[in-house]
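Take a look at the structure below.
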């Protein structure tokens, strides 16, 4: 009997990993990608917690940026260089538990040039706390 209770407790605390049913973080990530592609600064910055960090890996904006002000300056530079971009999400998945959620995605931005990115977004209490933007020119359309 104790084993059954332990398994139920463990199962309820582990959370759910799914790509078939959109969870809140998956929806927030999709909206975030669209805002980045459209260059909607206010919508982009609304996503971040006060202590958010953006890790940009590769390209001219490579570096780590802390807080919405520094992150906003990066998105301003990206928007000026890329222009409005069509966004194609090639693969996306959400992992969630009561403490937060992580979304991984393969995303292509088609603006002044095509840019393929591997994204990892971490949400806590409905806010984006950590974002990794990995430039990946070899990213395949079927990546997940």
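The values are calculated or read from the model by the stated rules, or taken from the named source; none is laboratory data. This is a predicted model, so every value here is computed, not measured. Note: ideal-geometry Cβ built from the backbone for every residue, glycine included; neighbour counts use all protein chains shown.
Of these, 31, 52, 42, which one is under 15 Å from the mean Cα position of the chain (by Cα), at pLDDT 95 or above and assigned to a helix (DSSP H, G or I)? Even if it seems obvious, please write down each step before you answer.
On the way: 52 fails: assigned to a helix (DSSP H, G or I); 42 fails: under 15 Å from the mean Cα position of the chain (by Cα).
Selected residue: 31, the only one of 31, 52, 42 that is under 15 Å from the mean Cα position of the chain (by Cα), at pLDDT 95 or above and assigned to a helix (DSSP H, G or I).
Looking at the stretch 117-126, which of its residues are touching a helix residue (DSSP H, G or I) at 6+ places or on another chain (Cβ under 8 Å) and surrounded by 15 or more Cβ atoms within 10 Å (Cβ to Cβ)?
From the stretch 117-126, those touching a helix residue (DSSP H, G or I) at 6+ places or on another chain (Cβ under 8 Å) are 119, 121, 123, 126; that's our starting set.
119, 121, 123, listed by residue number.
Residues satisfying the criterion are absent from the stretch 127-138 (criterion: in a loop (DSSP other than H, G, I, E, B) and touching a helix residue (DSSP H, G or I) at 6+ places or on another chain (Cβ under 9 Å)).
Please work out which residue is surrounded by the fewest Cβ atoms within 10 Å (Cβ to Cβ), limiting yourself to the stretch 64-116 and to residues that are in contact with a helix residue (DSSP H, G or I) (Cβ under 6 Å, 6 or more places away or on another chain), assigned to a helix (DSSP H, G or I) and in contact (Cβ under 8 Å) with a residue 24 or more places away in the chain. Result: 72. Within the stretch 1-25, the only residue that satisfies the criterion of being buried (at least 16 other Cβ atoms within 10 Å of the Cβ), closer than 14 Å to residue 121 by Cβ and modelled with pLDDT under 95 is 23.
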